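The values are calculated or read from the model by the stated rules, or taken from the named source; none is laboratory data. Treat the numbers as computed from the prediction; the structure is a model and nothing was measured. Please note: Cβ atoms are built from the backbone with ideal geometry, for glycine as well, and neighbour counts cover all protein chains shown. In case anyone asks, the SASA skips ligands and DNA or RNA and just uses the protein heavy atoms, side chains included. Shrake-Rupley method; radii C 1.70, N 1.55, O 1.52, S 1.80 Å.
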There are 2 protein chains.
Amino acid sequence: MNEHIVKSYDEELTQLAAEVARMGGLAEAQVAACVEAVAKRDVALAEAIVARDERLDAMEIDIDQRCTRLIALRQPMANDLRRTLSAIKIAGNLERCGDLAKSIAKRALQLTEIEPLTPLTGPIERMGKLVNARLREVLDAYTSNDVECAISVWSSDHEVDEHYNSLFRELLTYMMGDPRMITACAHLLFVAKNLERIGDHATNIAEVIHYELTGMPLTAPRPKGAPL
Amino acid sequence: MNEHIVKSYDEELTQLAAEVARMGGLAEAQVAACVEAVAKRDVALAEAIVARDERLDAMEIDIDQRCTRLIALRQPMANDLRRTLSAIKIAGNLERCGDLAKSIAKRALQLTEIEPLTPLTGPIERMGKLVNARLREVLDAYTSNDVECAISVWSSDHEVDEHYNSLFRELLTYMMGDPRMITACAHLLFVAKNLERIGDHATNIAEVIHYELTGMPLTAPRPKGAPL
């Protein structure tokens with residue numbers, strides 16, 4: 001008998017979860033780095049982020065194929081099936097976080113070619129830290145199977161939205177005050193929006209974890225800051 | 001024996017694909033309507049889009065649960081498993097298209113409260129039509145199992161990006177020319193960006209269909225317009 005088949009299903013699921021967690025660690029690092037690339041106008045860092053994104057794409061494909069094989073070979077039921085499908089969904093969300101980080105890194109490159117907007121570096125960095133904390137918390141919830149922690153990430157999404165809204169208004173004020181700032185501000189608008197979307201993916205992952213652990217969708221109306 | 005179990009697997013998969021196609025039809029309608037709401041400054045239409053988005057959310061949950069049940073009860077192999085997992089992924093992409101259409105509808109509401117930017121209505125409408133055509137084509141590819149058609153959608157993504165880039169530059173020019181236009185232009189920047197992202201989801205769906213039909217990921221470097 002094939003050694004692979006002999007491994008317990010539980011062991012395979014643990015390995016799968018470990019690969020998802022590793023992908024999460026890489027996505028988290030990409031998100032932290034892209035904000036730093038914007039704040040420090042760091043061309044080399046931004047280029048490294050763009051290059052590194054391929055690894056996240058490859059990891060998603062790998063997790064997908066591993067799950068498909070697992071379902072086909074093991075025909076899991078109930079809990080095990082939910083854990084396997086969760087892995088596919090979380091990997092999908094992480095891959096998109098990586099895309100958003102890459103897109104921020106590309107804007108960081110464009111921003112180095114124009115005048116810096118120093119007063120906004122602080123707010124962007126703070127929003128980046130907030131979003132990265134959400135991502136870290138939800139990955140903690142995943143690795144520790146902590147449904148309470150997942151719910152807590154899910155319910156605090158409005159903080160990111162509030163931060164985004166205040167940045168949006170601030171950027172518009174700068175644009176109106178000085179037309180030479182418009183190009184930089186337009187890029188920073190998207191940087192802020194991408195960070196908000198990474199926050200949304202953390203929320204999506206929280207929903208997936210909740211469903212995985214409880215079998216119930218998390219559909220109650222979420223406290224929403226209604227992002228602009 | 002349960003009537004449900006007696007149904008052939010093929011029949012169940014056909015029903016599942018039909019539900020995904022129906023969800024696709026609704027998503028397509030939402031995307032077309034949100035662009036119209038922006039162009040015609042139509043408050044009632046925008047509000048209807050926001051209200052209707054819940055149906056897409058519910059359909060995604062339903063398709064998800066149906067697939068999970070199907071895998072658990074039928075333990076599909078190879079092709080059938082790929083078809084089932086495809087349905088989950090396509091539904092996920094369509095749900096996000098719906099979210100983006102809802103977000104455009106919300107901006108349409110905010111835009112009705114400020115001065116119209118008439119010269120940009122045409123370009124936004126054209127971009128909306130282009131993106132909607134991509135979505136329609138990829139849904140056609142799905143319902144007709146047409147891998148060539150999926151590849152054609154996937155390879156023409158750069159047209160949407162080019163359209164987006166030209167709109168981005170035009171919007172920046174308006175902002176620089178007249179600071180009173182800045183708020184409207186900032187909203188339209190996001191409308192354009194959301195349309196570009198709906199185009200990306202059409203591309204993602206094309207990748208899912210390709211994998212479903214061939215068992216191979218579609219990973220060749222895609223002709224990219226490198227959106228700003």
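Given the residues A:Glu19, A:Glu95, A:Glu12, A:Glu36, which is the only one that is open to solvent by 60 Å² or more (accessible area, probe 1.4 Å), part of a helix (DSSP H, G or I) and either among the acidic types (Asp, Glu) or within 22 Å of B:Leu85 (Cβ to Cβ) (or both)? From the options A:Glu19, A:Glu95, A:Glu12, A:Glu36, the qualifying one is A:Glu36. Between B:Pro223, B:Pro217, the distinction of being at pLDDT below 95, within 11 Å of chain A (Cβ to nearest Cβ) and open to solvent by 20 Å² or more (accessible area, probe 1.4 Å) belongs to B:Pro217 only.
Scoring A:Cys34 on the criteria (1) out of contact with any Lys or Arg (no Cβ under 9 Å at 6 or more places or on another chain); (2) farther than 24 Å from B:Met216 by Cβ; (3) touching a residue at least 24 places away in the same chain (Cβ under 8 Å); (4) of a type outside the set (Ser, Thr, Tyr) leaves a single failure, condition (1). Residue pairs whose Cβ atoms lie under 6 Å apart, sitting 6 or more positions apart in sequence or on different chains, and linking a residue in the range A:204-219 that is assigned to a loop (DSSP other than H, G, I, E, B) to a partner that is surrounded by 18 or more Cβ atoms within 10 Å (Cβ to Cβ) and of a type in the set (Asp, Glu), are A:Leu218/A:Glu207.
So is A:Val131 within 30 Å of A:Glu207 (Cα to Cα) and in contact (Cβ under 8 Å) with a residue 60 or more places away in the chain or not? It is true that A:Val131 is within 30 Å of A:Glu207 (Cα to Cα) and in contact (Cβ under 8 Å) with a residue 60 or more places away in the chain.
Give the range B:162-182 a look and list any residue that's part of a helix (DSSP H, G or I) and charged (D, E, K, R), or say none. Within the range B:162-182, B:Glu162, B:Arg169, B:Glu170, B:Arg180 meet the criteria. B:Ile5 meets the conditions (1) out of contact with any Lys or Arg (no Cβ under 7 Å at 6 or more places or on another chain); (2) modelled with pLDDT of 90 or more; (3) over 30 Å from B:Pro116 (Cβ atoms) in every case but one. The failed one is (2).
Report whether or not B:Arg55 is in a helix (DSSP H, G or I), within 14 Å of chain A (Cβ to nearest Cβ) and open to solvent by 70 Å² or more (accessible area, probe 1.4 Å). So B:Arg55 fits the description; yes. Just one of the numbered conditions (1) closer than 17 Å to A:Leu26 by Cβ; (2) surrounded by 16 or more Cβ atoms within 10 Å (Cβ to Cβ) is not true of A:Ala108: (1). Given the residues A:Glu12, A:Glu36, which is the only one that is within 17 Å of the chain's Cα centre (by Cα) and away from chain B (no Cβ under 14 Å)? Being within 17 Å of the chain's Cα centre (by Cα) and away from chain B (no Cβ under 14 Å) holds for just one of A:Glu12, A:Glu36, which is A:Glu36.
Filtered by the rule that a residue be in contact (Cβ under 8 Å) with a residue 60 or more places away in the chain and within 9 Å of chain B (Cβ to nearest Cβ), the range A:163-196 gives A:Phe168, A:Arg180, A:Thr183, A:Cys185, A:His187, A:Phe190.
Conditions tested, residue by residue: (1) open to solvent by 20 Å² or more (accessible area, probe 1.4 Å); (2) within 11 Å of chain A (Cβ to nearest Cβ); (3) within 18 Å of B:Asn194 (Cβ to Cβ).
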position	(1), (2), (3)
B:Met59	no, no, no
B:Leu100	no, yes, yes
B:Pro116	yes, no, no
B:Thr121	yes, no, yes
B:Leu135	no, no, yes
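Residue pairs whose Cβ atoms lie under 9 Å apart, separated by 6 or more positions or on different chains, with the first residue in the range B:104-117 and touching a residue at least 12 places away in the same chain (Cβ under 8 Å) and the second among the acidic types (Asp, Glu) and open to solvent by 20 Å² or more (accessible area, probe 1.4 Å), are B:Ala105/B:Glu47; B:Ala108/B:Glu36; B:Ala108/B:Asp42; B:Leu109/B:Glu47; B:Thr112/B:Asp42. Checked against (1) within 11 Å of chain A (Cβ to nearest Cβ); (2) hydroxyl-bearing (Ser, Thr, Tyr); (3) open to solvent by 10 Å² or more (accessible area, probe 1.4 Å); (4) touching a residue at least 24 places away in the same chain (Cβ under 8 Å), B:Thr84 passes all but a single condition, namely (3). The set of residues from the range A:58-91 being within 14 Å of B:Thr84 (Cα to Cα) and outside any helix (DSSP H, G or I) comprises just one member, A:Gln75.
Could you say whether any residue in the range B:165-183 is open to solvent by 10 Å² or more (accessible area, probe 1.4 Å) and among the aromatic types (Phe, Trp, Tyr)? Yes: one or more hits.
Screening the candidates A:Ile151, A:Ile63 for the property of being of a type in the set (Val, Ile, Thr) and either crowded, with 22+ Cβ neighbours inside 10 Å or free of Cβ contacts under 8 Å to residues at least 24 places away in the same chain (or both) yields one hit, A:Ile63.
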